[in-house]
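The values are calculated or read from the model by the stated rules, or taken from the named source; none is laboratory data. Treat the numbers as computed from the prediction; the structure is a model and nothing was measured. Cβ atoms come from the backbone with ideal geometry, glycine included; neighbour counts cover every protein chain shown.
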Amino acid sequence: MLVSAKDMLNKARDGKYAVGQFNINNLEWTKAVLLTAQENNSPVILGVSEGAGKYMCGYKTIVGMVNGMLEELNITVPVALHLDHGSFDGAKACINAGFSSIMFDGSHYPIEENIAKTTALVNACDVLGISLEAEVGSIGGEEDGVVGTGECADPDECKMVADLGVTMLAAGIGNIHGKYPENWAGLSFDTLAAIKDKVGDMPLVLHGGTGISGEMIQKAISLGVAKINVNTECQLTFQEATRKYIEEGKDREGKGFDPRKLLAPGFEAIKATVKEKMELFGSINKA
């Protein structure tokens, strides 16, 4: 059964670890994340971008697939199904489809509009018991066509949004989606500390978890980060494992590749990546 992310994030905040959000893109991806979470007794959040939602035939299809896997694979650890960087309309669609958690990314709006749209979703999510993530200060890189330069959030604006009653807050602190450039300045821990001081016990979210050093991860967790998003690293490991399998010519048998065998190396690569991140975030045996 899908659950809200609220309880798992509050426990992570209090226990000084972070729950991993791993974005999913197909059946193999989803199965790999769920099995790894179960094997390591870790709570987990399945992230779905709007682009991935369209690719996988819509949000209702995804809800059906995930619910089916929870039952057939006997998954007992807490699992939240979360819309990642959702628009206002996308958030409403995921609520109607049965997601247990949503993110509304209003960071590209003026703060007044961000607050107005977030408030409307807070009211709906409260009634339905769905967790809600909001964002202030855009994250660098590109996510489904929304491009951010990685600016740092205004701590006062973070407090304004946190006070609306959202479950968790994503705040830009110099983090970037995708690969980090060699000249990246690193996370602004001064900004993170100032945000933490303003929002109190609100669980904070770190986007762009690929490529951030373990030392920075641990410091971010110590300053209130309770959820860390990973997407690019899973994409890269899946891609590399599949490429090697094809180049080595395995399973050709004169008829082309068996798709189930073709995707198996990528499946195993994602499992290994997810386990590595769970160990880094400290979420193993925290279900």
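List of remarks:
- Whenever a residue of the stretch 99-124 is closer than 24 Å to residue 21 by Cα, its partners that are charged (D, E, K, R) and not in a helix (DSSP H, G or I), lying with C-beta atoms within less than 6 angstrom and at least six residues away or across chains, give the pairs 103/84; 103/133; 105/135; 107/135.
- The selection criterion, being in a loop (DSSP other than H, G, I, E, B), within 25 Å of residue 169 (Cβ to Cβ) and not polar (S, T, N, Q), holds for residue 106.
- Odd one out for residue 84 among (1) in contact with a Ser or Thr (Cβ under 8 Å, 6 or more places away or on another chain); (2) surrounded by fewer than 24 Cβ atoms within 10 Å (Cβ to Cβ); (3) of a type in the set (D, E, K, R): (2)
- Within the stretch 185-215, the set of residues being free of Cβ contacts under 8 Å to residues at least 60 places away in the same chain and on the phi > 0 side of the Ramachandran plot comprises 186, 200, 211.
- The set of residues in the stretch 96-123 that are surrounded by fewer than 21 Cβ atoms within 10 Å (Cβ to Cβ) and closer than 21 Å to residue 62 by Cα comprises 96, 97, 98.
- Cross-chain or 6+ apart pairs with Cβ under 9 Å, the stretch 272-286 first and in contact (Cβ under 8 Å) with a residue 60 or more places away in the chain, then aliphatic (A, V, I, L, M) and part of a loop (DSSP other than H, G, I, E, B): 275/284; 278/284; 280/18; 281/18; 282/18; 283/18
- Selection within the stretch 68-96 - more than 30 Å from residue 119 (Cβ to Cβ) and either touching a Phe, Trp or Tyr at 6+ places or on another chain (Cβ under 7 Å) or part of a helix (DSSP H, G or I) (or both): 68, 69, 70, 71, 72
- Scan of the stretch 40-57 for residues that are without any contact (Cβ under 8 Å) to a residue 60 or more places away in the chain, surrounded by fewer than 23 Cβ atoms within 10 Å (Cβ to Cβ) and either of a type in the set (S, T, N, Q) or in a helix (DSSP H, G or I) (or both), ordered by number: 52, 54, 55
- Test: residue 235 is assigned to a helix (DSSP H, G or I), over 15 Å from the mean Cα position of the chain (by Cα) and not aromatic (Phe, Trp, Tyr): no
- Entry remark, the stretch 260-287: residues being under 19 Å from the mean Cα position of the chain (by Cα), not in a helix (DSSP H, G or I) and not basic (Lys, Arg) number 4 in total.
- Matching option when the condition is within 21 Å of the chain's Cα centre (by Cα), modelled with pLDDT of 85 or more and more than 21 Å from residue 230 (Cβ to Cβ), among 166, 127: 166
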